[in-house]
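Working notes for the structure below.
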Amino acid sequence: MASTEPMSAEADDLTADMVISELNRRNVPVARFNPADIGAALTVSARFGRCPAFVAGQLRTPSRTVDLAQVRSVYWRRPVWPTFDHLGTDDARFAAAQVRYGLGGTLYALDGPLWVNHPLRNAAADYKPNQLAIAQRLGLTVPPTLVTNDLNEARAFVASHDRVIFKTLRWTPYQRDGVPVTGWADLVTAAEIDESVSLVPHLFQAGVDKAADLRVLVVGREMFAVRIESGMLDWRKDYSALSYRVANLPDHMERALLAYLDHFGLVSGSFDFAVDKAGDLWWLELNPNGQWGWLEDSTGLAMAAAFAELLTQGVAP
């Protein structure tokens, strides 16, 4: 097998840069591409049927040519798909679909490489109601949570708990008056909930009386746990106000997180927990393709090296 490691990532993704640097130190060839570059900067040719491999062909960038039958592993790092803004609405929609199902479908058909993680498995693991159910099934402590578009149910749930947090079910790009806004986790009262809640499902969750947050990155079978001190309900609001401490997980928690990834067929993921005043951990969510680069910079944990080693081996642990 060739030692090519195709990677799909935005050109300015610093997290991908860290992994590529580690692979370069190991003299492992890497082809980096972004689906949005399709055209002169990215071409794909795939052949099926009467081929030695199930999928034969090449993926080419201005600096690399990848033999699809010889790929060892793929690191799928938040790629951007083309939108074809220069085309009319219908033509752009048609073209974007051809890229997703042509380029994407060809890559998804590769059955030899290790994926970190396979996009279809990432997508399956990204539904928060399913995450909550699987976490509870594996013995993790889940705060009382309601997903509803029923006004009376929402108000009754909020009224029955001391503090309730509203969270989005899925982050999406959003603007108000042309200004990008982000849906932070925030406290909500029963009086704030009106008839507009009936338009779509909303996620309401009982607030944990937390002392800190915990981010756990799993790479293969390696775990990196970082305690995040902030004093904020949602620590993502101000990274400059955060402090970090390397933490240890109890054995039963490590087993549960590995079982969680195995359930979805993932080899990596970023887990978030709230740590209460007694030191107990409360499940919040999994980001199957979460950011971690700033945590390595802040703690010195060898996260990029762990990814590079996993990709170099090309075998799921």
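Taken as Cα centroids, the stretch 294-312 and the stretch 78-110 sit 31 Å apart, rounded to the nearest whole angstrom. Spatially, the stretch 25-61 and the stretch 266-286 are offset by 37 Å when compared through their Cα centroids. Amide H to amide H distances under 5 Å link G290 with S270, where only residues 5 or more positions off or on other chains count and H is placed in the peptide plane. At q = 0.11, 0.16 Å⁻¹, what base-10 log of I(q)/I(0) does the Debye formula yield for the chain when every alpha carbon is treated as an equal point scatterer in vacuo? Those come out to -0.80, -1.40, one per q. Less than 5 angstrom separates the built amide H of L169 from those of L203, all sequence-distant by 5 or more or on a different chain.
The long axis of helix 251-264 is offset from the longest Cα principal axis of the chain by roughly 60 degrees. Counting only DSSP H runs of at least 4 residues, each contributing -39500 (n - 2.57), and dividing by the residue count of the chain, the helix-based mean residue ellipticity at 222 nm comes to -8500 deg cm²/dmol. The phi-based Karplus calculation (6.51 cos²θ - 1.76 cosθ + 1.60; θ = phi - 60°) puts the 3J(HN,Hα) values of the stretch 21-32 at 4, 5, 5, 4, 5, 8, 6, 9, x, 10, 10, 9 Hz, whole numbers, x for Gly and Pro.
Within the chain, which is the longest segment that contains none of the trypsin sites (Lys or Arg not before Pro) sitting in a DSSP loop with at most 10 other Cβ atoms within 10 Å? The answer is 51-169. Given the options V30, V19, V179, which has the most mean-square fluctuation in a GNM of the chain, springs set between C-alpha atoms less than 10 angstrom apart? The residue with the greatest mean-square fluctuation here is V179. Near the amide H of A316, within less than 5 Å, lie no amide hydrogens of residues on another chain or at least 5 residues away, with H placed in the peptide plane. Taking a ≥ b ≥ c as the square roots of the Cα gyration tensor eigenvalues, the stretch 5-116 comes out oblate, since a/c reaches at least 1.5 and a/b does not exceed b/c.
Couplings 3J(HN,Hα) for the stretch 213-218, derived from phi with the Karplus relation 6.51 cos²θ - 1.76 cosθ + 1.60 (θ = phi - 60°), are 10, 10, 10, 10, 9, 10 Hz, where x marks Gly and Pro.
Label-to-label distance for T172 and Y101 is 2.2 nm, based on points extended 7 Å past Cα in the beta-carbon direction.
For the stretch 289-301, backbone phi angles converted through the Karplus equation (6.51, -1.76, 1.60; θ = phi - 60°) give residue-by-residue couplings of 9, x, 6, 8, x, 5, 6, 5, 4, 7, 10, x, 5 Hz, Gly and Pro being listed as x. Note on the stretch 144-206: the C-alpha convex hull projects to 4.4 nm² when averaged across all orientations. Ranked by the mean number of other Cβ atoms within 10 Å per residue, highest first, peptides 129-136, 305-312 order as 305-312, 129-136. Centre-to-centre separation between the Cα atoms of the stretch 161-179 and those of the stretch 207-235: 20 Å. Under the criterion of Cα pairs below 8 Å and six or more residues apart, the relative contact order for the stretch 144-206 equals 56 percent. Think of each Lys and Arg Cβ as +1 and each Asp and Glu Cβ as -1; about the Cα centre, that makes the dipole of the chain roughly 960 debye.
Bear in mind that the values in this text are calculations on the coordinates, not laboratory data. Keep in mind that this is a model prediction, so the values were computed, not measured. Neighbour counts run over all protein chains shown; Cβ positions are idealised from the backbone, glycine included.
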